Every structure is written in C-alpha cells, then in structure tokens.
C-alpha cells in the first residue's frame with residue numbers, strides 16, 4: 001500500500017487541487033478530491049475491520065509481569081488476533097470470504113448434527129474452550145495439578161484481560177471432538193447462546209455506523225450511475241470491497257465477536273483410539289503442499305489443537321475428510337462466484353476517462369485478471385502440479401509454478417490500486433459533481 005500512496009502523493013503535487021478551482025458558491029453542487037479519497041478509505045477500513053471476527057486469543061499467565069512485559073503481551077494478542085487478519089483482508093478479501101464460508105458451512109453442519117445452535121458451534125471452533133491445570137498445593141512448594149474427574153468444572157471469567165491466576169496454567173484449546181465428547185459424557189456444560197453473546201464484545205453503535213456508512217456509499221454509487229455521473233476508479237474499488245465484506249459479515253453473523261477469554265475446563269480429556277480422526281500421525285508436509293491447502297482452506301486436517309497454545313488465526317474447524325469435502329467445495333463455488341463478481345466490478349470503469357492510454361491499459365488488464373483470477377489461480381496451480389508430478393520435476397520448480405498465478409493476481413491488485421490513486425490527479429469535471437437526490441423525487 002505504501003507505493004500506491006506515495007505515487008498518489010506525487011500526483012497531487014503535480015495538479016492543483018480542485019478545492020482551489022471551484023467557486024465557493026458551488027460548494028454544495030460539487031465535491032472535492034479529498035471528499036472522494038477520505039470517503040473511500042474510511043469505508044474500506046471500517047467495513048473490513050468490523051467484518052473480521054477473530055478467534056479466541058491465547059490465554060497468558062501474566063503474574064509477575066512488569067509494565068513493559070504486560071504491554072508486549074497485549075501487543076502480541078492484538079497483532080495476532082486483530083491486525084494480521086485485518087491486513088490479510090485488505091490484501092485478499094476474496095480469500096477471507098472463502099475462509100468465512102468454509103467455517104460457516106462446518107458450523108452449520110455440526111449444529112444440525114448435534115442439535116446445537118450455530119453460535120455455540122462457532123464458539124467451539126474459534127477456541128472458546130481451553131484446558132487449564134490448577135495447582136492445588138503451592139504452600140509447601142510442591143506442585144499438584146487438578147486433573148482428576150472429580151475436579152471437572154467450567155468457569156466463566158468476565159475479565160477483559162488475558163491474565164490468569166498464578167495457580168492456573170493454560171495448556172491448549174479444545175477441539176470440537178474433545179468438546180462434544182465431554183458434553184455427551186456429562187463432564188462439560190455448553191453455555192447458552194445468551195451467555196456466549198454476553199462474552200462477545202458486540203459494539204452495536206460501531207456496527208450500525210459501519211452498516212449505515214456502507215449502505216450510503218453503495219446508494220451513492222447506484223445513484224451516480226443512474227444520473228450518468230462518472231465514478232472515480234477509487235470508488236469502483238471501494239464498491240468491490242464493500243460487497244465482499246458484506247458477504248463475509250453474513251457468513252459470520254452468528255459468530256461471537258472479539259471474545260477475549262475462553263471458558264476454562266479443568267479435568268481429564270477423553271482418550272483417543274487409532275480410529276479417531278485426530279489420532280493419526282500428522283505428516284510433515286512440503287511447503288508447497290501447505291500453501292495449496294491454505295489456498296483452498298482445508299489445512300485443518302493436519303492441525304492438532306492439543307499441540308498448540310491457541311487456535312490458529314485462520315482455523316476453519318474442517319478436521320475430517322467429510323468436512324473438508326463438504327465445506328471446501330461449497331466454499332470454492334462461493335469464491336468463484338463472488339471473487340469473479342469482485343473483479344467484475346472493476347470492469348464498470350472500462351470506458352471511464354483515464355489521463356493517459358497507459359493507465360487505461362493497465363486498468364483494463366488488471367480488471368480482467370481480477371475477474372478470472374479466482375477461478376484460474378487454484379485451477380492452474382493444481383493442473384501444473386499434477387503435470388509436474390508425472391514428470392518428477394524438482395521441488396523448486398513446483399514452488400515457482402504454483403506461486404505464479406497468486407503473484408500475478410496480487411500484482412494486478414496492486415496495479416489497480418495504483419491506477420485508482422494516480423487517476424485522481426485528473427478526474428473529469430462531472431466526477432466532482434455531487435449527486436442530486438431531488439432528481440429521483442416525482443415532480444408535479
């Protein structure tokens with residue numbers, strides 16, 4: 001993003017601001033370039049930030065931490081659970097859409113199978129339950145952890161912090177198999193949807209503001225097209241972001257928002273025999289294989305939460321072949337359709353005014369790539385890898401071939417954003433004209 005912004009800043013220096021060019025009495029009839037830029041950036045940032053529903057962060061025992069260590073612990077939590085997903089959503093909103101669709105499909109299937117609400121299953125998948133061990137003898141410097149069946153209990157905590165008691169040691173999140181087995185054994189009680197909602201940090205004022213801002217922006221784009229007023233290329237990109245984030249928000253409608261602390265479980269976990277889906281040895285996969293699994297969001301079959309301190313940032317819960325086949329295929333179709341629509345929105349500016357022929361060419365090429373990319377990127381990668389397996393090619397060549405399509409796609413995204421910013425230096429006069437809503441009212 002820094003390169004496009006730098007180019008945009010230089011383009012502004014080369015062109016006088018339209019605020020200086022417009023008479024004061026025409027201020028109500030025209031908008032300024034800064035109005036366009038800040039309106040678009042505000043809409044993209046707000047709708048992307050609110051649409052992201054992070055998994056539960058890692059509980060941390062901060063007993064004995066100084067001020068600096070506490071700040072670092074909270075900073076790590078913010079980066080892992082909020083900042084990283086936000087940046088990924090800005091760079092690849094289509095992939096976040098696929099991720100949310102797969103997670104939603106898995107949650108829906110489990111909820112129907114086990115008679116739970118979808119919010120309860122989302123809570124399980126996102127790491128809402130965590131195994132803790134409690135030290136019951138700290139007086140004589142002996143350490144005994146409470147892990148017997150008689151000690152089974154669930155505790156809710158209302159603290160906003162991640163700090164835990166110095167006698168409680170967080171171990172690992174519980175996957176859905178552990179939670180369901182404990183529920184059926186009567187050793188764990190599932191929180192009611194209202195209790196889960198209470199742990200969720202839903203800010204209805206912020207969400208309402210974002211919904212109103214997004215709806216207002218979409219209405220303005222539709223209105224400008226109806227009155228044949230041109231859209232700036234930056235507005236076209238913003239429209240694409242708002243529609244994709246709207247789909248993401250719908251997928252996560254029932255997912256708890258910003259749960260800071262998991263439900264604590266103290267007790268023994270059920271044994272797993274050799275037939276259990278998570279009992280098999282997790283293979284050490286090549287880098288290219290892991291990349292492809294992440295690309296189609298079916299990597300969780302090779303993720304054992306009992307070996308981790310927290311639920312991974314991009315964890316769908318699809319931990320068996322049936323889940324993967326069901327969720328990923330449905331999610332891929334959604335990705336193809338919505339991803340193509342995301343790129344297709346860029347085609348709205350196909351015949352728009354561009355300051356130079358080069359910018360017009362770059363915009364059109366990037367728009368075509370963004371439109372066909374969601375389908376061709378995974379398809380070509382799989383085909384090329386299959387062909388290279390037949391000829392026993394080197395692993396380096398496989399990595400290069402499998403990453404060409406994603407790299408070209410990301411370059412096209414960067415080109416479209418750069419052109420959208422550089423064209424702001426010389427927009428057509430009608431692009432500055434405000435939308436006249438009175439024209440849509442019936443006249444007598």
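Things to note:
- Annotation for the range 57-73: at least one member residue is at pLDDT 85 or above and under 16 Å from the mean Cα position of the chain (by Cα).
- Some residue of the range 159-169 being over 25 Å from residue 307 (Cβ atoms), surrounded by 13 or more Cβ atoms within 10 Å (Cβ to Cβ) and modelled with pLDDT under 70: yes
- Hits in the range 391-444 (condition: farther than 16 Å from residue 32 by Cα, surrounded by fewer than 17 Cβ atoms within 10 Å (Cβ to Cβ) and at pLDDT 75 or above): 407, 408, 410, 411, 414
- Some residue of the range 366-378 being under 20 Å from residue 41 (Cβ atoms) and modelled with pLDDT of 75 or more: yes
The values are calculated or read from the model by the stated rules, or taken from the named source; none is laboratory data. The shown structure was predicted, so the numbers you read here are calculated from the model rather than taken from an experiment. Positions of Cβ are generated from backbone atoms using ideal geometry, with glycine treated the same way; all protein chains shown enter the neighbour counts.
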